[in-house]
1. Could you go through segment 59-67 and let me know if any residue there is surrounded by 14 or more Cβ atoms within 10 Å (Cβ to Cβ), part of a loop (DSSP other than H, G, I, E, B), touching a strand residue (DSSP E or B) at 6+ places or on another chain (Cβ under 9 Å) and at pLDDT below 85.
2. Here is a check on your reading of the model: is residue 47 in contact with a strand residue (DSSP E or B) (Cβ under 7 Å, 6 or more places away or on another chain) and surrounded by 15 or more Cβ atoms within 10 Å (Cβ to Cβ)?
3. For residue 11, state whether it is surrounded by fewer than 17 Cβ atoms within 10 Å (Cβ to Cβ), within 15 Å of residue 67 (Cα to Cα), out of contact with any helix residue (DSSP H, G or I) (no Cβ under 8 Å at 6 or more places or on another chain) and modelled with pLDDT of 90 or more.
4. Can you confirm whether residue 70 is surrounded by 10 or more Cβ atoms within 10 Å (Cβ to Cβ) and modelled with pLDDT of 95 or more?
5. Kindly provide the set of residues from segment 15-44 that are part of a helix (DSSP H, G or I), surrounded by 10 or more Cβ atoms within 10 Å (Cβ to Cβ) and in contact (Cβ under 8 Å) with a residue 24 or more places away in the chain, ordered by number.
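The values are calculated or read from the model by the stated rules, or taken from the named source; none is laboratory data. Note that the coordinates shown come from a computational prediction; the quantities given were computed from them, not determined experimentally. In this analysis, Cβ positions are derived from the backbone assuming ideal geometry, glycine residues included, and neighbour counts consider all displayed protein chains.
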């Protein structure tokens, strides 16, 4: 789905990335741009990667948006999709997807 729905003004937005470790830093750049526009009043969180502790923030928010990079071609330049809870559980300190 490439048509992004409206982001609520009180949403929680996670920007994920790290330009210093060969990641592109897209998530952080997105949050910087939100700040430049000066219209978003919600909460923003800069992350190198998601942490288990972030679940507490997610649980309190009405809407959560995760912004991260993707390797590959995306029609229109981005992909927007709902994040559904995962039925399975895996633990790794190297990867924690939003649905976990």
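1. no
2. Numbers: in contact with a strand residue (DSSP E or B) (Cβ under 7 Å, 6 or more places away or on another chain): yes; surrounded by 15 or more Cβ atoms within 10 Å (Cβ to Cβ): yes.
Spelling it out, residue 47 is indeed in contact with a strand residue (DSSP E or B) (Cβ under 7 Å, 6 or more places away or on another chain) and surrounded by 15 or more Cβ atoms within 10 Å (Cβ to Cβ).
3. No; evaluated as a whole, the condition is false for this residue.
4. Against the criterion (surrounded by 10 or more Cβ atoms within 10 Å (Cβ to Cβ) and modelled with pLDDT of 95 or more), residue 70 does not qualify.
5. 26, 27, 30, 31
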